[in-house]
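The values are calculated or read from the model by the stated rules, or taken from the named source; none is laboratory data. Every value quoted in this text rests on a predicted model; they were computed, and no experiment measured them. Glycine also receives a Cβ, built like all others from the backbone with ideal geometry; neighbour counts cover every protein chain displayed. Areas reflect the complete protein model, heavy atoms only, side chains present, ligands, DNA and RNA absent. Shrake-Rupley method; radii C 1.70, N 1.55, O 1.52, S 1.80 Å.
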Amino acid sequence: MSRDDDVIRASEVGQYAFCARAWWLARVKGRRSTNLAALERGTARHRAHGRAVQSYHLLRWAALALFLLAAAFLLTWLIVALRG
């Protein structure tokens, strides 16, 4: 038994909650799912979703930067307009 056998990952908790028997078969008996095509599709969808979330965060930061830049330009214009 290795040290990794002592660690239960969050994904395993989810697997156990979904189907304790499937978790036991994989964890204790070492059996793997025979539905590999569905697992591959799920993995691909998770990766695509992760990329979409990263894009969202990047766009959100870009929007905030553009908003702050526009506010700085507006403030500068107001200061110049009120002095002149």
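Out of Gln15, Gln54, report the one residue that is open to solvent by 90 Å² or more (accessible area, probe 1.4 Å), in a helix (DSSP H, G or I), out of contact with any His (no Cβ under 9 Å at 6 or more places or on another chain) and polar (S, T, N, Q).
Values: Gln15 fails: open to solvent by 90 Å² or more (accessible area, probe 1.4 Å).
Answer to the selection: Gln54.
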Within the range 43-81, residues more than 26 Å from the chain's Cα centre (by Cα) and aromatic (Phe, Trp, Tyr) come out as Phe73, Trp77
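Would you mind stating whether Gly84 is surrounded by fewer than 10 Cβ atoms within 10 Å (Cβ to Cβ) and on the phi > 0 side of the Ramachandran plot? Steps first, please.
Values: surrounded by fewer than 10 Cβ atoms within 10 Å (Cβ to Cβ): yes; on the phi > 0 side of the Ramachandran plot: no.
Against the criterion (surrounded by fewer than 10 Cβ atoms within 10 Å (Cβ to Cβ) and on the phi > 0 side of the Ramachandran plot), Gly84 does not qualify.
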Restricted to the range 25-37 and to residues being surrounded by 10 or more Cβ atoms within 10 Å (Cβ to Cβ) and assigned to a helix (DSSP H, G or I), the residue modelled with the highest pLDDT is Leu25
